[in-house]
Structures are given as C-alpha cells and as structure tokens.
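The values are calculated or read from the model by the stated rules, or taken from the named source; none is laboratory data. Remember, it's a predicted structure, so these values are computed and weren't measured experimentally. In this analysis, Cβ positions are derived from the backbone assuming ideal geometry, glycine residues included, and neighbour counts consider all displayed protein chains. Please note that ligands, DNA and RNA were not included when accessible areas were found on the heavy atoms of the full protein model with its side chains. Shrake-Rupley method; radii C 1.70, N 1.55, O 1.52, S 1.80 Å.
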Amino acid sequence: MTLAAGLAVMAVVIGALGKNPLQAAGAVVDGSLGNSFGIGQTVQIWTILILAGLASAIPFSARLWNIGGQGQMYLGAMAAAGFGITLPASWPGAVLVPLILGASTAAGAGWGWLPAWIRNRYGASEIVTSLMLNFVAVLGAAYIIRDAWPQGFAQQTESVSDNARLPVLIDSLRADISIVLAVAAALGLWILMTRTRLGFAVRALGANRAAALLSGVSEGAVASAAFALGGAAAGLAGGVFVLGVHGALLNGFSAGLAFLGIAVALAARLNPLSVIPVAALFAILRVGSNNLQAGAGLSPATGDVLIAIFVIMLMVVGVIRFSYGELVDG
Amino acid sequence: MEQPNPKPALALRGIWKRFGAVTANASIDLEVHSGEVHIVLGENGAGKSTLMNIAFGHMQPDAGEIEIEGRPTRLTSPADAIARGIGMVHQHFALVPAFTVAENVLLGSRSARAGMLDRKGIVDEVSEVSARFGVPVDPSAVVRDLPVDERQRVEILKALHRDARILILDEPTALLGVRQIAVLLEIIDRLRDDGRAIVLVTHKLGEVMEIADRVSVIRRGRKQVELARGEFDQQVLAKAMTGQLIVDDISRSAGRDEPEVVLECRDLTVPEPSSGPPVRGLNLRVRAGEVLGIAGVEGNGQRALIDGLTGSARCEGAIRLNGEDIANALPRRLRRCGVSIIPEDRQGRGLVPDMTLAENLALVDLLAPPDDAPRFVSWRRVRAEAKELLEAFDVRPPDPDLPASALSGGNQQKVVLARELSRRPRLVVADNPSWGLDVGAIGYVHRRLVAARNDGAAIVLVSHDLDELMKLSDRIIVVYRGEISLESSRADVSLDDIGLAMAGARR
C-alpha cells in the first residue's frame, strides 16, 4: 500500500516536470538492471540496505528508536579495516573473512548496545544518544583514515590484505558472498523475532510496554538485546563495505545508506523478511536514478529528490502509525 | 416532564447499521428533547456506541434518517455534527496532555483559527464557560496533571464552548468513582435545566434511576423498550437489558479455620507512585482462600497500594509472600512467585491489543518463564493451550488467532482472567476487575474470582463498586488519605459504616 502510494506520488512529480513517468521508470530499471555493471551495483546496495534495514527494524519492533545505524556501521568498518590490515596477510581467506566479519558484527553490536545501556542506566533517550554516537564513530573513522593506517593522501586507509577480501560469487556481476550473508541475517532475525521468547518479548514490549512490564518482561535485557542485534546487522554492513565493496575504509563510505535503512525498515513494516524485497526496490531506485539523465532527460539530482520524496512519504505513513498512541492520551 | 417544544432536538429514525454479518443497529428510533436526559441503556456490544457514532457523524447509517430540530440532516463527519450543535464526550478522551485546559478547550474551535493566541483571553473565556455551567476546572492547569474526572469535565467544556445544544455522553461514568459520579450527575442536571438535550449511554442501572427522564434499552442491536420516568424500575430495566433476570449465584466454600497467611504487609509506604497519592504505614494480611476487599474514594491511595504490590512503584516497609520478602520486586519475580495481576486498564496494561489471543494468553509464561524454559517458542503448543483456555473461560469467539482488540470488553477481561487465574496463583491482585463490563460479564468475573478463592488463592480486590466488595470480600479495608480508616470482616460491617469510613470517620 505504502509503496504504491509512494510510487504514485513519484509519478506525479515526474509528470509535473514535464517528463513521461513511464519513460523515467524505464530509465531507472534500465540503469539498475539493464546491464551487468548496473546489476552488480544494485546487488551491492541491496546487500547494504538489507542489513541497514534490519539494524532499524529490530529495535523499532520494541519501540526503541535506533538512529545510530551509521555509527554502528562505522564501527563495523573500522574493525574490519583494523583487522584486515593488521592480521597476517598469509592467513587463508577461510580464516580471515569469518574472523574479521565476526569482529565487525561484534563491534557494531557493542556500539548499538551502548545507547540501550545508557537508557537503562540513566534513562536518557536512545534516539538522541544513538544519533550522537554517529558523530563519535565518524570522527573515530577519520582518525583511522588519517593517522592509523593512511594511504598516502587519499581519503582512505591502506587496503586490506587480498585474502581478507570477500570471495566473489558471480564473476560477471562482481557480486560477492555478502548478499548471501545479508539474506541469511534477515532469515535468522525473522526466525528470532517470530519463534523465540526473546523475539516475542521484543514485540510485546513494542506493542504494549505497560502490559509487557506487568507480565514480567525484563525491559533492560530485552532493550539491550534488540539494540545489540540491530547494531550487529549494521556492523556487518560496515565489514562488507571494507572487505567487499571498497577493500579499504573510505571517508564517507556509507553514503547515507544507513539512514535509508530506517526507511527500509518502516516500509517493510519492521518485518525482517519483508526487508529483503523492500531493500531490493530501494536499491533499484538508488542505482537506477543515475541513468535518469540519459534515459529520460531528467537531471540526475532528480533521482535523489525522488528518493527523498519517497522516503518522506514512507516516514509520514510510518510515523503516524508508530506514534499515534503517544500523541493521544486517554 | 412536559415538552414545550414538540420538535425533538435530535431524532434518529429507523437507523440500520451492519458490519459484515453483524447487525449493530436494526431500525432504531431515538428522540431527545431540549431539557431532557435520555439514557441509552444496554450491555457492551448491544450497539449503543455505534448508534452514538452515527449521531455524531463518525459513521454513516446504512439506512435511516437524522433530524435536528425537526430538519432532516446528513452528518458526514464529526465536524458536521459540531457545526449543527452536537457535542460528544467519548469514553476515551481526545485531549492533548501537554496543553492546558484552556488550550484544549480552544483547540479546533473557531477562535483558535484567528491566528494569534491570546493566552489571557483564552483563560478568561474558558473560566466564564466553566462558571456559567458550573463545571469546575482550573483553566490554566495542564491536562497531563489532571485526574480522570477533571479530564472528562474538560471534554464537556469543549462541547459547551462550541455551544453544543445536544450533548452525547458515551459511558461517562465508566472511569469514575462514587463521588465523582455524583459531581458529574449534578453537572448533567444543570445542563438539563439550561435546556440542553442530553443523551447518556451507560450500562449501569443506578444512573438511570437517578437522572433519566426517558430511557431506551438496546439489546443485540434492537431497541427493546422505551420508558419515561415513573415507568421503570431496576428489575424491569435489567430484564430488558439482558433478556433475563440476573440470578446471583455465587457459592463460596466455608473458609478453613486458620489457613496460612499468604500476603503480609508491614508498615508499607508507597511514597511517590506516578499514579496518584501515596499510602503510608499500611499493615495488612491476607490468608489463603480469603478475599480482602479494599474500598475508598478514588485518590486515597488504593492505586499506590496496587502499584506497590505489583512491583510498579517503589515502596518502603515489608511485603511478604508466604514469608518471602517481595518488596520492590519487579513483576518478573512476582510472576515467578505465583502472583497474578488483573489490572484495571485491560487494554492498556492487561492485554496487548494488537497481538493474538494465543499470544496474550501466553504473555506471562513467555515473558516471565522459569529459568530452564526453552528459548524457542512452540506456537503449536501455545495455540493448543490457548484453545483450551478460551473454551474453559467461555471467551467468544474462542479463536486463538484473533487479535485481542477484536473482542468486546467482557471477553477481553475473560482473556485476562484466563491467563491470570489458570496459573493457579498464590496471590491475585485484582484492580476493579469488572469495571466497564455488562451485567452478564460481571457475574462471570465474580464467579471466577470466588472460584480462585475457593481453590486457596489469596485475593486483594480493589473496587469502586461497594456492592461488588460486599458480595466478594471476606474482609474489608477502607483507605482514607493513604491510611486504613476501617478494617472489618464483611459480616460485621454495613454499607453505612463503609461510607462513613470512606469519608474519613474512624471507629
């Protein structure tokens, strides 16, 4: 429903610009799925968006607002860069890759756990703290890039060792194993949310905090777990950037994808399984809009504008749905 | 009362409304004249709220007509209804908690659209309306800080400020205590004298007897009977409402001689509960198989006591459950010790409305499980157990996959009872377990509580309803300003004694 409404508004905007919406849509599809280069890029973005979407979806399910996906992603990337550069390059990939990605996941989980801990301990809003921790993480990455392992004067660290790079799955698309990991993460978290007591506690806390508390939920533990799980997904995304996409830690590598993850989570109605197709749609939009100028005579900036409108549409619908009970007080 | 104006202020004629297979209203007629209180009486789910929502433009009837002052009218929205002089006070208030009373009253009314807000002007204007109709509220108070009865008065002021000549009150007494109800009825009386037409929806017979000029009884979507003052008494109304005479058949087994003390509070003080005034230095004991009834005018500390007992507020002093100190234990530990909690606010604290009945029934087992419980949930088993419980507690419909929000209030409460009482609790803390329920469901709740008592549970029952307390309690305590002003076995106490103690008299 929401997706349909968003697409409709986008069509109207393109129409208002005097262009044919269908032609624009064609250009987007062509740019994202029309050739192997585009497909490869789309799959990359899809991977990241699945993980970024999960990073929001799990805490959101408990009505905890993780705005710190970016920071958690950065922590994961920093861990990947640190280990990828310093661990012996002679170790085989089968050891290096799981080890480093594990470190990324753990680093993201820790950074995600922090706002939950502050909330439990001091009652500070996790929205503010998780957002602020983004800045800390970004500056930490800047230190690593400039001082710890600089690559000359380039805006990136040294490259990680070859054995630490993610194995490529499909050569022509340059698609690596990260998409498999992302889909597996989504599946795993879906099982966790629907089949385990922890997942039930997360959902109960989100659906009615007062009733959940009175029924005996341990709020601190559940909040910490939800945030750590979200952070773990974001951290894994950071690791994927370093070991897969770039081979190094780049300045500004996340390109706003962490925040787009919030929209992915909302559009997916916080369902980890739905995150997979929604992230695919967003990836197509993101990659395909680069082709708007050639394909439909629209400025490439239009693509970003359209995504922004789309995201706002989703947020409007999402936010009304998620905070209605807080606005109206019986 | 003779009507000087032959045209009714509001008339609903032949209203039909269906929701799928359910007929909520079947050809209902309702008239209310200026200077008249017309009570719409019926059990929950009888179709009263649907009818009122149609009268206020929330819903469109499938068939039927609405006339205002004799003119046929179509109400397409509440804004439409307001513009035509109808005001409605909903059961769940629509107030902005962070705003003052005056701001809430002005919100959405004509003068708020002028652009600039004149703070002093607003307050004066609201004070004036408040004084004119004798609806006491402090206009500069912030709504968040107000108790529920004052919030309701703000809603009434909102309607009056918009000059509503027809006032619809949906279950206005559901949330109020005895004295608050009296104040509300006085206000309604004044509005009647002022020539307003008032429609009051309720399922409580007492209110009808007190202020109704006319009463229409609705059952299963159909109007059963309409009676003018002098034509009705409680028996007739109860029969029309339920279709049967209510038989009070609660069998309580005789208590054992000296059963063990399950709950003991010593010098219990709950200093600052968020829910209202504190209790101080309370001593009480409840034995196995005993119901301790707690009476008191709302706001004398019964909320604090409940919060202290259920781990929802910090307390001082000792609370012992079978000798084990449970003061300041969180609900999680209480649940594991066999404490069951039936909160007053079913939808807010008792249930998770968006979750299924199966999930709601398993809530406590899953959220406060024993240490060795498996991490994975077997939903198949949860559903099977839920099915059994739903049958055993006569929840309708007994479908474990339905969301709790789809049930009527009475059935929702049965779900809470099923969850809390099927765990074979040692202690049950029940907070107004029957408020807002219809007569049939109240009887069911009472039977279940007594059954739990007969099975050996200790029960702490807080209730606004003195009849309920007298019926269920073995002993009764009255709280007044956070202290016990009366303690007695039920057999040795009269309603008059309790009334005096509630007003602060000590024996």
Query - region B:10-242, relative contact order in percent, only Cα pairs under 8 angstrom and at least six apart counted - result: 30
Query raised in the report: Which whole number gives the average, over all residues in A:202-211, of C-beta atoms from other chains lying within 10 Å of the residue C-beta?
Result: 6
Query raised in the report: Can you tell me the accessible area per residue over chain B, all protein chains present, probe 1.4 angstrom, in square angstrom?
Result: 43
Requested in this report: Per residue of region A:135-141, in order, report the coupling 6.51 cos²θ - 1.76 cosθ + 1.60 (Karplus, θ = phi - 60°) as ³J(HN,Hα) in whole Hz, putting x for Gly and Pro.
Outcome: 5, 4, 5, 5, 5, x, 5
Report summary line: Note on region B:1-78: the mean projected area of its alpha-carbon convex hull, in nm², is 5.5
Query raised in the report: Which net charge results when you count Lys and Arg as +1 and Asp and Glu as -1 among the other residues whose beta-carbon is under 15 Å from that of A:Arg165?
Result: -3
**Report entry** Peptides ranked, highest mean first, by Cβ atoms within 10 Å: ranges B:293-304, A:13-24, B:88-99
**Finding:** B:293-304, B:88-99, A:13-24
Report task. Subtracting the Cα-Cα distance from 0.36 nm times the residue separation, let me have the gained length for B:Arg423 to B:Glu226 in nm, one decimal. Result -> 66.4 nm
Report task. With a cut-off of 13 Å, note down the residues of region A:1-44 whose backbone N falls inside the zone around a label point 7 Å from the Cα of A:Val305 toward its beta carbon. Result -> A:10-19
Query raised in the report: So for the pair A:Val138, B:Ser489, with labels modelled 7 Å out along Cα→Cβ, what separation do we get in nm?
Result: 7.4
Report task. For region B:353-424, with all protein chains present and a 1.4 Å probe, just round the carbon and sulfur fraction of the accessible area to a whole percent. Result -> 49
Report task. Per residue of B:348-354, count partner chain C-beta atoms within 10 Å of its C-beta, then hand back the mean as an integer. Result -> 6
Query - Stretch gain in nm, segment B:Asp496-B:Asp189, where the contour uses 0.36 nm per residue and the Cα spacing is subtracted - result: 107.9 nm
Report task. Would you please give the FRET efficiency between B:Leu466 and B:Leu107, computed as 1/(1 + (r/R0)^6) with r the Cβ-Cβ distance and R0 = 41 Å, to the nearest 0.05? Result -> 0.65
Query raised in the report: So for region B:441-507, Kirkwood radius off the Cα pairs, Stokes-Einstein at 37 °C and 0.692 mPa s: how many µm² s⁻¹?
Result: 259
**Report entry** Helical contribution to [θ] at 222 nm, DSSP H n ≥ 4, -39,500 (n - 2.57), averaged over chain A, rounded to 500
**Finding:** -24000 deg cm²/dmol
Query - For region B:353-424, fraction of C-alpha pairs farther apart than 20 Å, in % - result: 22
Query - ³J(HN,Hα) computed for each position of region A:77-82 - Karplus, 6.51 cos²θ - 1.76 cosθ + 1.60, integer Hz, glycine/proline x - result: 5, 5, 4, 5, 5, x
Report task. Could you tell me what percent of the DSSP beta bridges with both partners in the protein assembly as shown are antiparallel, to the nearest 5? Result -> 55
Query - Chains B and A together, accessible area buried on both sides, 1.4 angstrom probe, square angstrom - result: 2400
**Report entry** Along principal axes, Cα extents of region B:46-104, largest first, whole Å
**Finding:** 41, 27, 15
Query raised in the report: Using alpha-carbon positions, what is the distance between the centroids of region A:108-157 and region B:328-390, in Å?
Result: 38
Query raised in the report: Near B:Lys48, which lysines are there with a Cα under 19 Å away, not counting those fewer than 8 places off in the same chain?
Result: B:Lys17, B:Lys204, B:Lys223, B:Lys239
Query - Cα centre as origin, Lys/Arg/Asp/Glu Cβ charges: the protein assembly as shown dipole, Debye - result: 1480
Query raised in the report: Carbon and sulfur: what percent of region B:10-242's accessible surface (1.4 Å probe)?
Result: 51
Report summary line: In nanometres, the difference between 0.36 nm per residue of separation and the alpha-carbon distance of B:Ser127 and B:Ala141 is 3.9 nm
**Report entry** Averaged over B:360-370, number of beta-carbon atoms from partner chains that fall within 10 Å
**Finding:** 5
Report task. Quick one: compute the contact order of chain A, relative version, from alpha carbon pairs under 8 angstrom and 6+ residues apart, as a percent. Result -> 36
Query raised in the report: How are the Cα pair distances of region B:10-242 distributed, in percent, across 10 Å bins from 0?
Result: 8, 33, 36, 19, 5, 0
Query - Check: region A:46-273 dipole with +1 on Lys, Arg Cβ and -1 on Asp, Glu Cβ, in debye - result: 720
Query raised in the report: Which whole-angstrom value gives the distance between the alpha carbon centres of region B:121-155 and region B:58-82?
Result: 29
Report summary line: With the convex hull built on the alpha-carbon atoms of region A:46-273, volume per residue in Å³ sits at 116
Query - Distance between modelled label sites at B:Glu391 and A:Ile191, nm, 7 Å Cα→Cβ extension - result: 3.3
Report summary line: Both in Å, the radius of gyration and Dmax of the C-alpha trace of chain B are 24.0, 75
Query raised in the report: For the pair B:Asp399 and A:Val168, what calculated FRET efficiency results from E = 1/(1 + (r/R0)^6), where r is the Cβ-Cβ distance and R0 = 45 Å, to the nearest 0.05?
Result: 0.30
Requested in this report: Tabulate in residue order the Karplus-calculated ³J(HN,Hα) for region A:196-213, using 6.51 cos²θ - 1.76 cosθ + 1.60 with θ = phi - 60°, rounded to whole Hz; enter x for Gly and Pro.
Outcome: 10, 5, 4, x, 4, 5, 4, 5, 5, 4, x, 7, 6, 4, 4, 5, 5, 4
Query raised in the report: Among the lysines, which have Cα under 17 Å from the Cα of B:Lys387 when same-chain residues fewer than 8 positions away are ignored?
Result: B:Lys414
Query - the protein assembly as shown, Rg to Rh (Cα coordinates; Rh as Kirkwood inverse mean 1/r) - result: 1.03
Query raised in the report: Measuring from a point 7 Å past the Cα of B:Ser27 along Cα-to-C-beta, which residues in region B:62-85 have an amide N at less than 18 Å?
Result: B:62-66
Query - Neighbourhood charge, 14 Å Cβ-Cβ cut-off, centred on B:Asp62 and excluding it, Lys, Arg +1 and Asp, Glu -1 - result: +3
